[in-house]
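Novice: Below: one structure in structure tokens.
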Amino acid sequence: MSDGSAESAYYAQLARTRGAAGAVQLDGAGRVLLVRPGYQPVWDLPGGVIEAGESPMTACVREVREELGFTPVLERLVGVVWFPPRPRRAASNLFVFAGRLSETVRASIEPDPGEIAEFGFFPVSDLPEVEPHTERRVRSCVEGYLGGETVYYEESTKPTWYGDSGEAKE
């Protein structure tokens, strides 16, 4: 009879991958909600890191509540994006969920000034200043949501504002 130590040792040696979750929230005009966090110079989907023991959807709901003060409508998973490891960062998976906001919820958005510098709703065809990988993610996930699909891809670029000199690729 095993005491479980072999199984524990096996799981302890497996690779670890970080996780994050983001929300595509469309308003009545079909515009997507983006945020500009205070810690980065460009816009992105609301969301953040998955905490230990937390599901991707639970993390997405928690992060949007913390950042913007409302509970997002998340109808379904619309995208999974894998990011390769880079200096000082492990590989990660980003889970993107989507849904539509009512006008009542849209009017109740109250960004946390400690996290969010700005928020806005933008047509997918006319996004504000975003990184190339963010533009690809927003467009593909909105298209997937509207088309009833879930997208998956492996990202090769990284944000240039991270400061890892000479490593950005397009």
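The values are calculated or read from the model by the stated rules, or taken from the named source; none is laboratory data. Please read all numbers here as calculations on a predicted model, not as lab measurements. Note: ideal-geometry Cβ built from the backbone for every residue, glycine included; neighbour counts use all protein chains shown. Remember, those area values only see protein heavy atoms, side chains included, never the ligands or the DNA or RNA. Shrake-Rupley method; radii C 1.70, N 1.55, O 1.52, S 1.80 Å.
Novice: Which residues, taken from the range 84-102, are in a strand (DSSP E or B) and of a type in the set (S, T, N, Q)?
Specialist: Matches in the range 84-102: SER92, ASN93.
Novice: Could you list, ordered by first residue, the pairs with Cβ atoms under 6 Å in which the first is in the range 92-116 and aliphatic (A, V, I, L, M) and the second is outside any strand (DSSP E or B) and open to solvent by 20 Å² or more (accessible area, probe 1.4 Å), at least 6 apart or interchain?
Specialist: Cβ pairs passing all conditions: ALA98/TYR145.
Novice: Within the range 30-51, identify whether any single residue is open to solvent by 70 Å² or more (accessible area, probe 1.4 Å), out of contact with any strand residue (DSSP E or B) (no Cβ under 6 Å at 6 or more places or on another chain) and modelled with pLDDT of 95 or more, and answer yes or no.
Specialist: For the range 30-51, residues open to solvent by 70 Å² or more (accessible area, probe 1.4 Å), out of contact with any strand residue (DSSP E or B) (no Cβ under 6 Å at 6 or more places or on another chain) and modelled with pLDDT of 95 or more: present.
Novice: Go through (1) open to solvent by less than 20 Å² (accessible area, probe 1.4 Å); (2) within 21 Å of THR71 (Cβ to Cβ); (3) acidic (Asp, Glu) and name the single condition GLU131 misses.
Specialist: That leaves (2) as the condition not met.
Novice: Could you please find all residues in the range 134-157 being open to solvent by less than 30 Å² (accessible area, probe 1.4 Å) and of a type outside the set (A, V, I, L, M, F, W, C)?
Specialist: THR134, ARG137, SER140, GLY144, TYR145, GLU155, THR157 - these are the residues of the range 134-157 that are open to solvent by less than 30 Å² (accessible area, probe 1.4 Å) and of a type outside the set (A, V, I, L, M, F, W, C).
Novice: Right, another one. Residues to consider are VAL78, VAL64; find the one that is open to solvent by less than 30 Å² (accessible area, probe 1.4 Å) and touching a Cys at 6+ places or on another chain (Cβ under 7 Å).
Specialist: VAL78
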